[in-house]
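A quick write-up on the structure given underneath.
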Amino acid sequence: MNTINNDIKGKKILLGVTGSIAAYKAAALVRLLVKEGAEVKVLMTSTAKQFITPLTMATLSKNPVQVEFFNPENGEWNSHVKLGLWADLMLVAPASANTIGKMACGIADNLLLTTYLSARCPVVVAPAMDADMYAHVAHQQNLALLRLRGVHVIEPSVGELASGLQGQGRMEEPEEIVRLLQILLEKKVCLSGKHFLVTAGPTYESIDAVRFIGNISSGKMGYAIAEELAWRGARVTLISGPVHVVARHPKITLYKVSSAQEMYEAAARFFPDADGAVMAAAVADFTPESKVEGKLKRGENALSITLTPTKDIAAYLGSIKKENQTLVGFALEVANEHSNALKKLREKNLDLIVLNSLNDANAGFNFDTNKVCIIDRTGKEASYALKSKVEVAKDIVDTLSKWAA
Ligand code: CTP
């Protein structure tokens, strides 16, 4: 894991572990938190002890683990009130459907739940369960209730589950959980009340019913930006071309589009109501003049397709942009990178432009990593090292937050 800056250092984190096979990941979570300098105390439900021992958690956290309301040997009371007041943040990971249901109903039949009810700090849950349980309306309503009350939910990821089934229910990886806690603890939830538009992915320009002109954009950069904005409290409208990545944060509303024209129409519709937009999509610059009905037949002669320019969405938003709106574009360049990026920034009336160079290895289209330089409209620029797209999204949103403040 990239060492994240040290805002976790010295923070008091109460980790609640519940009965789930993902409890083994709680050990790695404690290690990471301790490594980052946090003071960690662990609470376990009695079922959690079946999955991971208190000894493991106590050794890693360097603090005794608490399970029961009192010690039956000497009657010593484990004060949930004190624990709740002690913590800077309470994290329940893994959070089982049972515990989430009880948290939503205010049931207080174990130490973890009574502590949750006493806690005055931010509370985060990282659910882990089978996909059908996760999707069940009863569980989804419980989660919605918790969110309504300000609990932060780290959505589980999609993948192979302990049951052998595939689906959404895998607890998020410890590294990612620590990164999201970092955002909360840095008090970077400063975009509450703001609304941002993000475009992501490629566009597909139809040639006939089954063929299109597209590009290899994965959408990972745009989706990471949307998640980062949402984690900082903003409402996000994500307009996405066809991709395989998924948006998981509940503050993201996804609009799926296919062509550049559809992306333009959606962006033009939502931008006037937004505080800003990040144009991360790789929009096709040209589209076939006309689409062939049905399927184009094979022939002996050369085939030419007339292409016409698409609308430049970023330039259009730049032309209607108001004083209080911030517009961020991307520039993927091969030569004269800086001057081309600056030209785009001016011509499209952007506030910030994120420059990607095709000459940088492992950066840009279809990679998990990216290397960018962010230039603002005054010409000030900041270059960043090669990082995961999730970390790059953080840098972009940091710059955008300062600019939009
Ligand atoms: N963009 C857009 N609509 C288009 C083309 C581009 O919104 N029809 C946006 C992209 O999302 C990006 C910025 O404009 O934020 C620059 O895109 P890029 O492809 O680098 O530049 P182009 O303007 O298309 O110019 P060229 O491809 O010739 O470099």
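If you check Leu327, Leu386, Leu400 for being in contact with a Lys or Arg (Cβ under 6 Å, 6 or more places away or on another chain), away from the ligand (no atom under 13 Å from the Cβ) and either in contact (Cβ under 8 Å) with a residue 40 or more places away in the chain or open to solvent by 10 Å² or more (accessible area, probe 1.4 Å) (or both), only one passes: Leu386.
Within the range 336-381, being closer than 18 Å to Lys394 by Cα, among the β-branched types (Val, Ile, Thr) and at pLDDT 90 or above holds for Ile353, Val354, Val372, Ile374, Ile375. Within the range 66-76, can one find any residue that is touching a residue at least 60 places away in the same chain (Cβ under 8 Å) and touching a strand residue (DSSP E or B) at 6+ places or on another chain (Cβ under 6 Å)? Looking for residues that are touching a residue at least 60 places away in the same chain (Cβ under 8 Å) and touching a strand residue (DSSP E or B) at 6+ places or on another chain (Cβ under 6 Å), one finds none in the range 66-76, hence no.
Kindly evaluate Ala97 against the criterion of being in the same structural domain as Ala38 (by TED's automatic domain parsing) and in contact (Cβ under 8 Å) with a residue 24 or more places away in the chain. So Ala97 fits the description; yes.
Total residues in the range 156-180 satisfying the condition of being over 12 Å from Glu228 (Cα atoms) and either surrounded by 20 or more Cβ atoms within 10 Å (Cβ to Cβ) or among the small types (Gly, Ala, Ser) (or both): the figure is 15.
Restricted to the range 14-73, the set of helices (runs of 4 or more DSSP H) holding at least 3 residues that are at negative phi and either of a type in the set (Asp, Glu) or under 23 Å from the mean Cα position of the chain (by Cα) (or both) comprises 23-35.
Here the condition is being within 12 Å of the ligand (Cβ to nearest atom) and part of a loop (DSSP other than H, G, I, E, B); of Ala284, Ala314, it holds for Ala284 alone.
For the range 241-276, taking the residues that are outside any helix (DSSP H, G or I) and within 12 Å of the ligand (Cβ to nearest atom), the one that is least open to solvent (accessible area, probe 1.4 Å) is identified as Gly241.
Taken together, Ser304, Ser290, Ser339 contain a single residue that is assigned to a helix (DSSP H, G or I), of a type in the set (S, T, N, Q) and more than 11 Å from the ligand (Cβ to nearest atom), which is Ser339.
Residues are listed down the side, and each one gets a yes or a no for (1) within 20 Å of Leu117 (Cα to Cα); (2) outside the structural domain of Met133 (by TED's automatic domain parsing); (3) out of contact with any Lys or Arg (no Cβ under 7 Å at 6 or more places or on another chain); (4) modelled with pLDDT of 95 or more:
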| residue | (1), (2), (3), (4) |
| --- | --- |
| Ala22 | no, no, yes, yes |
| Lys35 | no, no, yes, yes |
| Ala48 | yes, no, yes, yes |
| Met57 | no, no, yes, yes |
| His80 | yes, no, yes, no |
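Among the residues in the range 182-191, are any among the β-branched types (Val, Ile, Thr) and within 16 Å of the ligand (Cβ to nearest atom)? No, the range 182-191 has no match at all.
The values are calculated or read from the model by the stated rules, or taken from the named source; none is laboratory data. Predicted model, so just to flag it, every value in this text is computed and none were measured. Neighbour counts run over all protein chains shown; Cβ positions are idealised from the backbone, glycine included. For accessibility, only protein heavy atoms count, side chains too; no ligands or nucleic acids. Shrake-Rupley method; radii C 1.70, N 1.55, O 1.52, S 1.80 Å.
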